[in-house]
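Q: If you scroll down you'll find the structure; I have some questions about it.
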Amino acid sequence: MLSLIIVAPVIMLSQNSKMEKLFNKYKDADGFELTVTDSDINMGTDESLNFTKMLNSISNIYIMNVDTSKDKSGKSEKFFSKMKALADKDGFKSMIEVSDEGDFSLLLKSDESGAAIEMLLISYGDDSPMCMWVF
């Protein structure tokens, strides 16, 4: 039982660090701009809703904007491909998918009780794709 108490936080941190490593890997690439917000945000909404609980417990927001006109090496395609693969591997579930010229995805990751704990929003615009990771 003691090993579970010690290992569980390490596993949870390693899951977040994979996503964080991906953002940090591309933050200095041409055309990429990373914004990180580290603050407690309270939306002041109804706590009885699982999604609302996640919104009220936000501690970090990572936003990666990409200017594809400056991305001559095609790194934006690699970033978004890796982001989708990592989200699938880490248990994110698609909540909204819109595909028309510019794709849009909203993915949520839940804990054992079904409460949302992380949100990933991916938008592929023609010249300025964006990814926002909220946890």
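The values are calculated or read from the model by the stated rules, or taken from the named source; none is laboratory data. Remember, it's a predicted structure, so these values are computed and weren't measured experimentally. As a convention, Cβ positions derive from the backbone with ideal geometry for all residues, glycine included, and neighbour counts pool all protein chains shown.
Q: Just to verify a result, which residue in the stretch 89-109, among those that are outside any helix (DSSP H, G or I) and among the basic types (K, R), is surrounded by the fewest Cβ atoms within 10 Å (Cβ to Cβ)?
A: Quick first cut of the stretch 89-109, residues outside any helix (DSSP H, G or I) only: 90-109.
If we keep only those that are among the basic types (K, R) too, we end up with 93, 109.
On the way: K93: 11, K109: 18.
Residue satisfying both the conditions and the ranking: K93.
Q: List the pairs whose first member sits in the stretch 102-115 and is among the aromatic types (F, W, Y), whose second member is in a strand (DSSP E or B) and modelled with pLDDT of 90 or more, and whose Cβ atoms are under 7 Å apart, counting only residues at least 6 apart or on separate chains?
A: F104/S123
Q: Yes or no: the stretch 35-51 includes at least one residue that is surrounded by 13 or more Cβ atoms within 10 Å (Cβ to Cβ) and modelled with pLDDT of 85 or more.
A: Yes - at least one qualifying residue is present in the stretch 35-51.
Q: Taking interchain pairs and intrachain pairs at least six residues apart, which have beta carbon atoms under 9 angstrom, with the first residue in the stretch 63-89 and more than 21 Å from F135 (Cα to Cα) and the second β-branched (V, I, T) and surrounded by 16 or more Cβ atoms within 10 Å (Cβ to Cβ)?
A: Matching pairs, first to second residue: K75/V66; S76/V66; S76/T68.
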